[in-house]
Every structure is written in structure tokens, then in C-alpha cells.
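Reviewing the structure listed below.
Bear in mind that the values in this text are calculations on the coordinates, not laboratory data. Because the structure is predicted, anything quoted here is derived from the model rather than measured. Every residue, glycine as well, gets a Cβ built from its backbone with ideal geometry; the counts of neighbours run over all protein chains shown.
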Amino acid sequence: MTRTTVAILLVMLAAPAWFASQARKPTAIPVVLISIDGLKPDYVLQADKHGLKIPNLRRLVTEGAHATGVTGVLPTVTYPSHTTMVTGVAPAKHGIVANSPFDPFSKNMGGWYWYAEDIKVPALWDVAAKAGMTTTSVDWPATVGAKITFNIAQYWRAENAEDRKLIRALSTEGLLTEAERALGPYTDGNDYSIAGDERRTAFNVYLLEKKKPRFHLSYFGSLDEEEHKSGPYSAETFAVLERLDAIIGTVRAAAEKIGGGRAIVCVVSDHGFARSDKEVNLNAALHDAGLIELNEQGKVKSWRAFAWYGGGSAGVVLRDSSDTEARSKAGEVMRRLASDSSSGVTNVIDQSSSQRVAGFPDAAFVVAVRPPYRLGTMLQGPVTTQARVSGTHGYMPDVRDMDSSFFIAGPGIKAGRDLGQIDMLDIAPTLAALMGVSLPSAHASLSLR
């Protein structure tokens, strides 16, 4: 026999044993993180009270573990919260300290913290990559340039079909084009309607089934979009949630398909919501105090102190941290508002004092507002104004309406386990432990057994 013939015979003899060993080898269990922006925990835990038909969310409660509430980070807004959920540390440490960078002159043209390079600590996708795991993501915040194996990034500018070109360019090379050939067009820019989320669902399923990741991230923003319009607990909000529940079922089914019938599915949210119908214009008060100068068009010409908004809280930043006069004036203005019960301001925290809080790290003061007040954008005129009824968030984390959600089910997770109130910092290390990796900068993981 030739050496080639012998080699072929040996392979043929060994093949049955090899295939048998592969059949016995357990399929890696995928871990899927699904964010429903603005999902209040009581929507799920008190679904009967609200008349909600959400069988997939309720199934997670029955079959797995859940928190009665998640204490968020400051400010309780989308980008800082989502980055905490994948790093396990507070915004002041991970670097995504607001939705948008501080920009009193509006030079950034409404840009957000889209870029993963601004994250200063390892995220779950980083430690998964080091462990040789395949990761996938559809529309997770702050993932442009992230070390995710197959990534459809979140980004917008024109907020129309042209943004698909940007998303295509900023995502994993060739990925969106490949998926669109199979599925048709992706969503238009910043489309966070329920129809837009349903369109994203197909791309989540595609990445799960075609790329078979060990860790997958999904983001859906339509609930938040509706709550901002009609407020929490509205009929319109609940109608959106019921359609999102179907999305969760679809994504879970795709994950279980690639996991041989098993998958760990974790549904989270970034913040709660509160009803709002009044606005507090902190920068108008700073303008009245001579700390902001406007040009003829009513735009910022110069500033010594400026409020960086986070929905229901703000950081007052000094242009020159050594400007003691500006610090004194700004503090006096904010404390005067806090002493007026009709202003909506409840607390002013001097970040140079022992009361310093873990938010707005570059601010001289952190200003807390209470519902139904929210922060307005006026630079001059009345400090407090009546506004349209809507929903908002961004308040201090101890405002219970800001509690977010955590539901998780899958192999190794005790059914019906009530974790009580947890901290948002707990989520990332818990998911890391389930993947068999660790985040050295994060807290300990939750016990799910």
C-alpha cells in the first residue's frame, strides 16, 4: 500500500470514534443579554394588575431568578447604565458619564458617547474575546469600535436611511451587507419605534443562528421612546411592551436553537420612568447670575459655569476649576433653588465635600430634581416653566421610580428565585461568572442557585 492509502484507511477507521466523541461533547450554552430600555420591574412583576399580556417575560420570572428592583447609577440614563451593565463599575470609573459629552457650545452637533474607546475598563466582550469566545451584538450602546466578533453598532446622524451607510461602515466589515442580503434593509438611523425594534429582531436571530456566539447583546429602545411620549403606565406604553414580549420570545428561541435547547437569557433595563409636566432651566438661572453669556442669536458666547443635564439630575461644571468666584456664585444659585419648594430642585451636592456622589465626576456641584419636574433646555427666561405631560428619567438612583429590571433564566439558575433589590454593578460580574470568565475590576457576582 502507498502511504496515502494507509493514511486514508486510518482516518476512516478513526472517524466513527471521533464523531461519537463530538456527539458526546456538550454544546456551549449561549448567554444572551437583552436590554429593554425603560422597562420598569413592576410592569412584569405586577403584570396582572396592569392587564398586560407578556407571557415570555413572565416565563423568565417563573423559570429563573429576578430582582424586585435594580438600583441604578447616576445619572439614570441610557449610556452610563448600559456601560455599567457590561463592565460592573460606576460611570466615573468606566468613563461613559452621560449620554452625550459635555458640550456647552454645541460643537458636537448632538453627538453621543457612541465609541467603545471611551470605555476605560474591560467590558464583557473584552474578557470573552480573551477567552476565545465568539461574541455578537445588535445595537448595544457605546459599541462603535468594540472588540465584538460580529457587531452591528448603534449610531445615528441624519436619522434616516442614509444612516444605514454609517452603521454599515462602523459595524464589523461586511456584516450588515451580508445580513441585509438575507433579510432586506436594516432600520433607518435612530428609529426606535416598535416597528424598528421588530426589524432589529430579525438581525438578532440572524447573528445568533449564523454566527453561533457564546455571548450575544441585544438592545431595544421602543419602550423608552413611547414612555417619553405618553408617559409610564399609558395604554400606548403597554401596547409597545406586549409587542416587545414577542420579540423576547423570538430571540430566546433562536438562542436555545443554537444551544441544543438550552440558553441563558437575561433581560435587563437601564432605568425606570416617572411622569413629568414641569421643567427647571438651570442654565437660565446661571445666565441670570452672569455666569453664562449669550450672543445675539441666544446661543452660548462664553460661560464660567454650565449645567450638564442628565434628565432629572445635572452636574454644574466650572470652566476654570480654580475660579472661586464662579464656584461661589453657582453654588449660591443652586442652593437658592433648592430652598424654594416650587423650583423642583431637592438637593445640591458639593463635589468637593465629603458628600460627593459617584456621578458627574468633573462637576463642581450635582443638582437633584424631583418628579414631576425635569430639566429644560432654555438658556434665558423663566427658570421654572409648565411643560407638556410626558415621561422622563435621569433622577437620583434612590428615587424608586428609577429602579430598573433584571430577569434571568437558564441552566444552573434556580426557578422562582427572588433576589430582592440588587445593584446595577452586580449584573456584569454575574454574567461573566456564567460564561466562565471574570471582570477583575467588578464586584462579586450574584448567587442564582
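If we count every other residue with Cβ under 14 angstrom of Arg304's Cβ, Lys/Arg +1 and Asp/Glu -1, where does the sum land? Spell out each step's value before the answer.
Numbers: positive: Lys301, Arg319, Arg327, Lys329; negative: Asp288, Glu293, Asp320, Asp323, Glu325, Glu332.
Taking every other residue near Arg304 into account, the sum is -2.
Under a Cβ-Cβ cut-off of 12 Å, what is the net charge of the residues other than Ala47 that fall near it, where Lys and Arg count +1 and Asp and Glu count -1?
Computed value for this residue: +1.
Rg/Rh for the chain to two decimals, with Rh computed the Kirkwood way over all alpha-carbon pairs.
A ratio of 1.04.
Mind giving me the FRET efficiency for Ala235 and Ala161? R0 is 25 Å, r the Cβ-Cβ distance, nearest 0.05 is fine. Kindly include the intermediate steps, with their values, before the conclusion.
Numbers: r = 31 Å, r/R0 = 1.23.
Rounded to the nearest 0.05, the efficiency is 0.20.
Between Ala131 and Glu296, what is the label-to-label distance in nm when each label sits 7 Å out along the Cα-to-Cβ direction?
The modelled label-to-label distance comes out at 6.2 nm.
Can you check what the Kirkwood hydrodynamic radius comes to for the stretch 295-388, Cα pairs only, in Å to one decimal? Write out the running numbers ahead of the final one.
Numbers: mean 1/r = 0.0717 Å⁻¹.
The Cα-based Kirkwood calculation yields 13.9 Å.
Viscosity 1.306 mPa s, temperature 10 °C: give me the Stokes-Einstein translational D for the stretch 205-273 in µm²/s, with Rh taken as the Kirkwood radius over C-alpha pairs.
For these conditions, the coefficient is 119 µm²/s.
Return the Rg/Rh value of the stretch 232-391, two decimal places, where both radii are evaluated on C-alpha atoms and Rh is the Kirkwood radius.
Details: Rg = 21.0 Å, Rh = 18.2 Å.
My calculation of the ratio gives 1.15.
By counting other Cβ atoms within 10 Å of each Cβ, how are Arg58, Arg374 ranked from fewest to most? Please list the in-between numbers first.
Numbers: Arg58 17, Arg374 25.
Neighbour counts put them in this order, fewest first: Arg58, Arg374.
Counting other Cβ atoms within 10 Å, which GluC sites (Glu not before Pro) in the stretch 259-357 have at most 11 and lie in a DSSP loop?
Glu296
Pairs of Cα atoms under 8 Å, at least six residues apart: use those to get the relative contact order of the chain, whole percent.
In percent, rounded to a whole number, it is 27.
Most exposed first by the Cβ proxy, i.e. fewest other Cβ within 10 Å, how do Thr62, Thr430, Thr392, Thr76 rank?
On the way: Thr62 11, Thr430 22, Thr392 25, Thr76 30.
Placing the least packed residue first, the sequence is Thr62, Thr430, Thr392, Thr76.
What do you get when you divide the Cα radius of gyration of the stretch 162-319 by 2.2 N^0.38 Å, with N the number of residues?
1.41
Going by C-beta contacts inside 10 Å, put Phe238, Phe220, Phe102, Phe406 in order with the fewest on the left. Could you put the intermediate results ahead of the total?
Details: Phe238 20, Phe220 29, Phe102 14, Phe406 26.
Least to most surrounded, the residues fall as Phe102, Phe238, Phe406, Phe220.
Take every DSSP beta bridge with both residues inside the chain and express the antiparallel ones as a percent of the total, to the nearest 5.
Close to 55 percent.
Give, as ranges by residue number, the residues of the stretch 27-59 whose backbone N falls under 19 Å from the point 7 Å along Cα→Cβ of Thr250.
Only 32-37, 53-59 fall inside the zone, counting backbone N under 19 Å.
Count the net charge of all other residues whose Cβ sits under 10 Å from the Cβ of Val144, scoring Lys and Arg as +1 and Asp and Glu as -1.
-2
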